[in-house]
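This report concerns only the one structure given below.
The values are calculated or read from the model by the stated rules, or taken from the named source; none is laboratory data. Predicted model, so just to flag it, every value in this text is computed and none were measured. Don't worry about glycine lacking a Cβ; one is built from the backbone with ideal geometry, like all the others, and counts go over all protein chains shown.
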Amino acid sequence: MERQLQRLLDLLDSPGDDTVGTSVRLPVNLRDAAAVAAGMGLAASTTELTVRGLREALEAFAQRAVLDAHYAAHPKARPDLAEVALAAAEIDGNPLAGTPEVVRRAAAEVRDLKDDPTQDDVLLYAAGLAAAAA
Amino acid sequence: MTQVRTVILDNGAVQALADPTHRKHRRVMAIVEVVAARNLRRAGSVRLVVPTAVRVEAGWNRRAAGAATLNRLRVDDHPLDAGAADRASDVRSALAVPVADAHLAAVLATSAGPHAVLTSDAEDLRRIADHLGIPLQPITL
């Protein structure tokens with residue numbers, strides 16, 4: 001797995017000057033929408049849009065895989081659900097960032113209600129707690 | 001309240017990210033987790049960015065063996081090219097901030113907003129954001 005991840009990262013970080021023609025089946029509506037977007041000057045070409053979308057998706061997969069590998073090597077580095085939810089509130093300027101105790105309580109309680117809850121689940125639950133307390 | 005598009009790291013954030021034993025490492029990792037989750041949900045929606053002048057200040061040489069962990073976290077360089085240097089120079093002249101902060105100001109002025117900055121000095125950043133007239137979410141480490 002580690003070798004595959006490193007190969008993925010190396011490929012994403014390489015210059016990408018070489019190109020290759022390849023056959024990709026696209027939904028007709030997306031192909032036509034891309035042509036319209038290019039005609040509007042919103043994108044250079046369907047190829048450019050396809051490459052950008054592919055790179056962004058691969059970068060997102062790589063980022064997730066890198067984090068998982070990091071936590072495998074350093075288990076104490078993994079933030080818990082409450083810490084991630086608080087971080088999400090902070091970067092968006094969500095007022096819940098100012099009430100970490102409410103977010104922590106929400107993170108603890110939402111686990112009883114839903115399997116594998118997300119940071120958004122926690123913040124939604126915390127907003128409910130805050131509204132009920134107001 | 002809007003979702004950020006660009007999260008910028010300052011020197012303190014880089015130091016914390018680089019060292020798994022740093023007392024703020026988990027806190028910075030929590031921010032990276034948020035970015036990663038949003039990019040998985042909608043690819044390319046949030047970028048992690050480091051101004052190259054900040055890399056210099058933090059001693060982050062991408063070719064050094066000790067930088068392997070940092071290099072893998074998909075943090076994009078924002079180079080101090082001619083345009084960024086001109087903008088940074090203006091900010092440094094106006095506010096007398098360090099070069100790395102002036103470069104950070106250039107990143108704020110030219111990257112997709114809204115922005116969040118992971119920083120150990122929110123006060124300087126607020127001055128910079130006010131000077132540029134750019135809304136900014138400082139996250140103090």
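For B:E33, which of the numbered conditions (1) within 13 Å of chain A (Cβ to nearest Cβ); (2) under 22 Å from B:D124 (Cβ atoms) fails to hold?
Going through (1) within 13 Å of chain A (Cβ to nearest Cβ); (2) under 22 Å from B:D124 (Cβ atoms) one by one, B:E33 breaks only (2).
Quickly run through the range B:87-122 and pick out the residues that are touching a helix residue (DSSP H, G or I) at 6+ places or on another chain (Cβ under 8 Å), surrounded by fewer than 24 Cβ atoms within 10 Å (Cβ to Cβ) and without any contact (Cβ under 8 Å) to a residue 40 or more places away in the chain.
B:R87, B:S89, B:R92, B:A94, B:L95, B:V97, B:A109, B:T110
Rundown of residues vs (1) of a type in the set (S, T, N, Q); (2) at pLDDT 95 or above; (3) in contact with a helix residue (DSSP H, G or I) (Cβ under 7 Å, 6 or more places away or on another chain); (4) over 17 Å from B:M29 (Cα atoms), yes/no style:
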| residue | (1), (2), (3), (4) |
| --- | --- |
| A:D18 | no, no, no, yes |
| A:A35 | no, no, yes, yes |
| A:G39 | no, no, no, yes |
| A:L67 | no, yes, yes, no |
| A:K76 | no, yes, no, no |
| A:V102 | no, yes, yes, yes |
| A:A106 | no, yes, yes, yes |
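For the range B:126-141, give me each residue that is away from chain A (no Cβ under 14 Å) and either assigned to a helix (DSSP H, G or I) or under 18 Å from B:I31 (Cα atoms) (or both).
B:R127, B:I128, B:D130, B:H131, B:L132
If B:V117 meets every condition in (1) within 26 Å of A:R52 (Cα to Cα); (2) at pLDDT below 95; (3) not in a helix (DSSP H, G or I) apart from one, which number is that one?
In the conditions (1) within 26 Å of A:R52 (Cα to Cα); (2) at pLDDT below 95; (3) not in a helix (DSSP H, G or I), B:V117 misses (2) alone.
Show me the helices (runs of 4 or more DSSP H) entirely contained within the range A:9-100 in which 3 or more residues are among the basic types (K, R).
Numbers: elements: A:28-39, A:46-73, A:81-92.
Helices (runs of 4 or more DSSP H) meeting the threshold: A:46-73.
Of the residues in the range B:8-29, how many are surrounded by fewer than 23 Cβ atoms within 10 Å (Cβ to Cβ) and either in a strand (DSSP E or B) or within 9 Å of another protein chain (Cβ to nearest Cβ) (or both)?
Residues that pass the stated criteria total 5.
Can you name the condition, by its number, that A:G53 falls short on among (1) within 14 Å of another protein chain (Cβ to nearest Cβ); (2) without any contact (Cβ under 8 Å) to a residue 12 or more places away in the chain; (3) under 30 Å from A:A127 (Cβ atoms)?
(3)
Restricting the range A:71-99 to residues that are touching a Lys or Arg at 6+ places or on another chain (Cβ under 6 Å) and more than 7 Å from chain B (Cβ to nearest Cβ), which is nearest to B:P114 (Cα to Cα)?
So the residue we want is A:A82.
Going by what's in this entry, would A:E83 be described as without any contact (Cβ under 8 Å) to a residue 40 or more places away in the chain and surrounded by 14 or more Cβ atoms within 10 Å (Cβ to Cβ)? Break it down into steps so the answer makes sense when it comes.
Working: without any contact (Cβ under 8 Å) to a residue 40 or more places away in the chain: yes; surrounded by 14 or more Cβ atoms within 10 Å (Cβ to Cβ): yes.
Yes.
Could you grab me the full set of residues in the range B:4-27 that are hydrophobic (A, V, I, L, M, F, W, C), within 15 Å of B:Q137 (Cβ to Cβ) and at pLDDT 95 or above? Break it down into steps so the answer makes sense when it comes.
In the first step, residues of the range B:4-27 are kept if they are hydrophobic (A, V, I, L, M, F, W, C); the result is B:4, B:7-9, B:13-14, B:16-18.
Restricting the remaining residues to those that are within 15 Å of B:Q137 (Cβ to Cβ) gives B:4, B:7-9, B:13.
Those that are hydrophobic (A, V, I, L, M, F, W, C), within 15 Å of B:Q137 (Cβ to Cβ) and at pLDDT 95 or above: B:V7, B:I8, B:L9, B:A13.
Got a sec? Which helices (runs of 4 or more DSSP H) wholly within the range B:45-105 have at least 3 residues that are within 20 Å of A:Q6 (Cβ to Cβ) and within 14 Å of chain A (Cβ to nearest Cβ)?
Values: elements: B:52-58, B:68-72, B:82-95.
Output list reads B:68-72.
Quick check on my filter: what residues within the range A:56-68 are under 15 Å from B:R72 (Cα atoms) and within 8 Å of chain B (Cβ to nearest Cβ)? Working first, answer last.
Going through the range A:56-68, the residues under 15 Å from B:R72 (Cα atoms) turn out to be A:58-68.
Correct list: A:E59, A:A60, A:F61, A:A62, A:Q63, A:R64, A:V66, A:L67.
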